[in-house]
Amino acid sequence: MPSVLGQLLHWISQERTKVIALILILALVAPQPAKAQLFIDWAAIVAAINAIGTAINNVIGSGLQAINSALGAVNNILNTIQNFFQNQIYPLQAINRARGVVGAVQGIYNTIRGLVNLNVASATLPNPRQLETVLLSRNAGNIAQVTNGFTTVYQAIPPPTDAPPAVRDLIDMTDATSQAAMKKSIAIDDAAERLMDASDQLASELGQAAPGTAPMIEAQAAAMLVKAHALTQSAMAELFRIRAIDMANTGASLKFNANHASDTRRDLTNMFKK
């Protein structure tokens with residue numbers, strides 16, 4: 001709140017014309033006593049000063065009182081608004097309780113992360129162990145190593161002299177789908193790891209966020225949730241592809257059996273004709 005002297009100077013600056021006119025009027029109507037030595041009329045000077053003081057008290061003083069009353073009313077309104085926000089909108093007790101909940105949820109996240117990162121590797125032989133290490137690496141940078149590891153463990157496609165074209169096509173499609181699923185699983189694990197890191201960071205920020213910034217962090221969390229749903233849909237699509245190729249393989253096996261039965265029946269018929 002500005003000082004009374006500052007308010008007085010500000011008022012005088014705005015009303016300087018009226019103040020000067022008032023001083024001149026008081027100087028003219030004031031009684032003129034006899035002049036003292038050196039021609040200095042000290043009585044007139046004192047009377048003028050007293051008149052100025054009276055004018056200040058009567059005119060400026062009432063204005064300052066009105067200003068103080070207005071400022072007091074404004075302060076009361078501001079205090080009411082502040083109390084409303086502190087006690088109703090953003091009560092400190094509720095904020096501290098929410099931060100405690102965030103800390104508890106963060107502990108649950110840490111437990112889940114520990115479960116996700118459990119070592120489930122089970123291969124014992126060198127080649128399968130090497131492929132399994134790549135598949136469980138949770139690092140998309142290792143996707144390029146899947147093909148060599150897959151060929152080493154599951155063998156390459158047989159040459160044309162060892163299998164008919166239809167069988168080779170079926171083997172190639174099955175191998176391609178299997179490798180795609182393996183590569184996709186590595187990418188999904190990597191993305192899930194990054195989402196877990198982002199979730200930890202958001203939870204930490206929420207525990208320290210001011211009430212005004214919490215909605216911004218909540219919006220980021222909502223966007224991350226949408227990405228997590230998209231990642232889940234991608235994993236579901238990969239499962240559908242694997243199921244589709246499995247069903248296609250079953251259908252191809254039935255077709256091969258039907259063709260084999262037809263060839264056998266034809267051979268038997270030709271044999272009896274001879």
(request) Report the residue count in region 150-172 for those that are assigned to a helix (DSSP H, G or I) and either hydroxyl-bearing (Ser, Thr, Tyr) or in contact with a strand residue (DSSP E or B) (Cβ under 9 Å, 6 or more places away or on another chain) (or both). (result) 3
(message) Consider region 100-128. How many of its residues are among the polar types (S, T, N, Q) and not in a loop (DSSP other than H, G, I, E, B)?
(response) 4
(request) Could you list all residues from region 130-169 that are surrounded by fewer than 13 Cβ atoms within 10 Å (Cβ to Cβ) and touching a residue at least 12 places away in the same chain (Cβ under 8 Å)? (result) PRO158, ALA166
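Every number in this text was worked out from the coordinates using simple rules, so none of it is lab data. None of the values given here were measured: they were computed from a predicted structure. Glycine also receives a Cβ, built like all others from the backbone with ideal geometry; neighbour counts cover every protein chain displayed.
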